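Asker: There's a structure below that I have some questions on.
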Amino acid sequence: MSPISYEGLYRVEKWEYPYKAVREAIINAIVHRDYSGAPVQISVYDDKIMIWNEGKLPEGISIEDLKQKHSSRPYNPTIASVFFKGGLIEAWGRGTINIISECVKVGLPEPIFESVFGGISVKLFKSYTEKQLIEKGLNERQIKAVFYCRENEFINNSTYQLICETSERTATRDLEFLVEVGVFEKLGEKKGTKYKLIRA
């Protein structure tokens, strides 16, 4: 789905998930799939997309290795070669890194790679779950502010104090942390300062 907004007279369509990340995940699934087994499966949920292919990681490569530059040993080298020559694969061993960077770049949670059900899956999240927000270091007040901003476009210091029942000083500190970790974007200055979610 593509939420629509306008900049002047021009319509702007923003993908809920980064196009390049989804494209890369599907290409990876095709290139690394075990074709003697089940087909590639794409599951779309309200808050995430999961892309799964039957197969396993090459020996010596772990799930954690997918988050950094690693050697490329495609399960189907002939298919991989065709994709590379056709310009669909840009660089060997960087597909999973590109998926992560494209999601993080637009303020989405880092994708999760898993070895499950006899295959490899990647989950792309539309927004942060409460568990992921806790893992980013948010406290209960800050999580409440995130959920508030999902229903209301902005939050300011005084509103934060009201909904979290806290002091101005604590509200300022909490909001500054939310900006530091890339959950909120700060807009305006002094008394006109307000905060907006970055795709959280």
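Here, each number is a calculation from the coordinates, and none is a lab measurement. Computed from a predicted model, the values in this text were never measured in an experiment. We place every Cβ from the backbone using ideal geometry, glycine too, and count neighbours over all the protein chains shown.
Asker: Which of the aspartates and glutamates could be linked to LYS190 by a straight reach, that is with a Cα gap under 15 Å, when you skip same-chain ones fewer than 8 residues away?
Answerer: GLU168, GLU176
Asker: How do 81-87, 134-140 rank on mean C-beta neighbours within 10 Å, highest first?
Answerer: Top of the packing list down: 134-140, 81-87.
Asker: Can you give me the long-range amide H partners of GLY55? Hydrogens built in the peptide plane at 1.01 Å from N, cutoff under 5 Å, separation of 5 or more residues or another chain.
Answerer: Amide H neighbours of GLY55, under 5 Å, 5+ apart: ASP34, GLY119, ILE120.
Asker: Decide, for the stretch 1-69, between rounded, prolate and oblate: order the square roots of the alpha carbon gyration tensor eigenvalues as a ≥ b ≥ c, take rounded if a/c falls under 1.5, and otherwise choose prolate if a/b is larger than b/c, else oblate.
Answerer: Prolate is the answer for the stretch 1-69, as a/c is 1.5 or above and a/b outweighs b/c.
Asker: Quick one: divide the alpha-carbon radius of gyration of the stretch 9-112 by 2.2 N^0.38 Å and tell me what you get.
Answerer: Scaled against compact globular proteins, the figure is 1.14.
Asker: Please report, in whole Å, how far the alpha carbons of the chain spread along each principal axis, starting with the longest.
Answerer: 61, 42, 27
Asker: May I pose another question? What list of ³J(HN,Hα) values in whole Hz, one per residue of the stretch 169-181 in order, does the Karplus curve 6.51 cos²θ - 1.76 cosθ + 1.60 (θ = phi - 60°) give from phi, with Gly and Pro shown as x?
Answerer: So the J values, rounded to whole Hz, are 5, 5, 4, 4, 5, 4, 5, 5, 5, 4, 6, 4, 8.
Asker: Another one. Pick from TYR45, TYR75, TYR17 the residue whose mean-square fluctuation is largest in a GNM of the chain, springs joining Cα atoms under 10 Å.
Answerer: Ranking TYR45, TYR75, TYR17 by mean-square fluctuation puts TYR45 first.
Asker: Could I ask something else about it? Round to a whole angstrom and tell me the spacing of the C-alpha centers of the stretch 1-80 and the stretch 122-200.
Answerer: 29
Asker: Ok, one more. What pairs from LYS56/LYS131; LYS105/LYS191; LYS20/LYS126; LYS48/LYS144; LYS144/LYS186 go past 23 Å between their alpha carbons?
Answerer: Beyond 23 Å: LYS56/LYS131; LYS105/LYS191.
Asker: How large is ³J(HN,Hα), in whole Hz, for each residue of the stretch 155-164 in order, when computed from phi with the Karplus curve 6.51 cos²θ - 1.76 cosθ + 1.60 and θ = phi - 60°, using x for Gly and Pro?
Answerer: With the stated coefficients, the stretch 155-164 comes to 9, 10, 4, 5, 5, 4, 4, 5, 6, 9 Hz.
Asker: If you take the alpha carbon radius of gyration of the stretch 130-197 and divide it by 2.2 N^0.38 Å, what ratio comes out, to two decimals?
Answerer: Its radius of gyration relative to the 2.2 N^0.38 Å reference: 0.99.
Asker: Here's another thing I want to ask about it. Ordered by residue, what ³J(HN,Hα) values in Hz, to whole numbers, does the stretch 11-18 give under the Karplus form 6.51 cos²θ - 1.76 cosθ + 1.60, where θ = phi - 60° and Gly and Pro are x?
Answerer: 7, 10, 10, 10, 5, 5, 10, x
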